[in-house]
Amino acid sequence: MEDISKDTLIRASQGDIQAFEDVYKASSSFVYNVALRVVNNREDALEVAQEVFMIIHDKLKSFRFESSFKTWVYRITANYAINFAKKNSRAKTVPFEESFGEGAVESDAHAQMDQEDKSKLVERLLGELNPDQRACVVLRDIQGLSYEEIAQTLSININTVRSRLKRSREKLMSLRKQVDYEKV
């Protein structure tokens, strides 16, 4: 997520449309990627991102700069996406590489096929987790947040974060062993 100045945030909270557009441009791909990893579906992630920006627009006046703006946006996005995923638990998926936006395309066809296989495997494994577990894994292993940041983002106890991550990793390891066994 690009840096957003305090001045821009203040102006956006006071109704400056251009300032809010700057906030949107700086954080839209970040919000979409977090939502995508939690809901595991491209269309749903777009819907979640749209709703998250409505929430940000409405609640920006209440942002008190006690945490970073990024953490605040994480919290809103993750919580909304988790609730959305619980309500709409559908078996739609998105290729893992799409969650990172546009990137370098490998020219070697074999390497690209291998990457697609790995992406499908990660996508499949993440899809087996419940939304709460998936959110913790995404925030920790994909977004790189600390346990404390995850607890703050999801408004849960740090021990709950540890517990969810432990259970998620155990489930992922078990599922991975099943996948490896199926290949043999």
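The values are calculated or read from the model by the stated rules, or taken from the named source; none is laboratory data. All values derive from a computational prediction rather than experimental measurement. Note that each Cβ is placed from the backbone with ideal geometry, even for glycine, and that neighbours are counted across all protein chains shown.
Filter the range 1-12 down to the residues that are part of a loop (DSSP other than H, G, I, E, B) and in contact (Cβ under 8 Å) with a residue 12 or more places away in the chain, then identify the one that is surrounded by the fewest Cβ atoms within 10 Å (Cβ to Cβ).
Per the stated criteria, the residue is Asp3.
Is the range 71-90 home to any residue that is modelled with pLDDT under 75 and more than 25 Å from Ile158 (Cβ to Cβ)?
Step one: list which residues in the range 71-90 are modelled with pLDDT under 75, which gives 89-90.
So of that shortlist, the ones also more than 25 Å from Ile158 (Cβ to Cβ) come out as 89-90.
Taking every residue of the range 71-90 in turn, at least one turns out to be modelled with pLDDT under 75 and more than 25 Å from Ile158 (Cβ to Cβ).
How about the range 38-47: which of its residues are surrounded by fewer than 24 Cβ atoms within 10 Å (Cβ to Cβ) and either assigned to a helix (DSSP H, G or I) or among the basic types (Lys, Arg) (or both)?
Once the filter is applied, which keeps residues that are surrounded by fewer than 24 Cβ atoms within 10 Å (Cβ to Cβ) and either assigned to a helix (DSSP H, G or I) or among the basic types (Lys, Arg) (or both), the range 38-47 yields Arg42, Glu43, Asp44, Leu46, Glu47.
What are the pairs with Cβ atoms under 9 angstrom where one residue, in the range 42-55, is among the aromatic types (Phe, Trp, Tyr) and the other, located anywhere, is surrounded by 17 or more Cβ atoms within 10 Å (Cβ to Cβ)? Sequence gap at least six, or different chains.
Hits for this filter: Phe53/Phe20; Phe53/Val23; Phe53/Ser27; Phe53/Val31.
Would you confirm whether or not the range 13-21 contains a residue that is in contact (Cβ under 8 Å) with a residue 24 or more places away in the chain, in a helix (DSSP H, G or I), more than 24 Å from Ala151 (Cα to Cα) and in contact with a Leu (Cβ under 6 Å, 6 or more places away or on another chain)?
Taking every residue of the range 13-21 in turn, at least one turns out to be in contact (Cβ under 8 Å) with a residue 24 or more places away in the chain, in a helix (DSSP H, G or I), more than 24 Å from Ala151 (Cα to Cα) and in contact with a Leu (Cβ under 6 Å, 6 or more places away or on another chain).
Can you find, within the range 56-82, the residue that is surrounded by the most Cβ atoms within 10 Å (Cβ to Cβ) among those that are over 20 Å from Tyr147 (Cα atoms) and not charged (D, E, K, R)?
Only one residue tops the list, namely Ile56.
Just checking, does the range 50-70 include any residue being over 22 Å from Gln152 (Cα atoms) and over 16 Å from the mean Cα position of the chain (by Cα)?
no
What number of residues within the range 14-25 satisfy the criterion of being within 20 Å of Arg75 (Cβ to Cβ) and surrounded by fewer than 18 Cβ atoms within 10 Å (Cβ to Cβ)?
Residues flagged as within 20 Å of Arg75 (Cβ to Cβ) and surrounded by fewer than 18 Cβ atoms within 10 Å (Cβ to Cβ) within the range 14-25 amount to 1.
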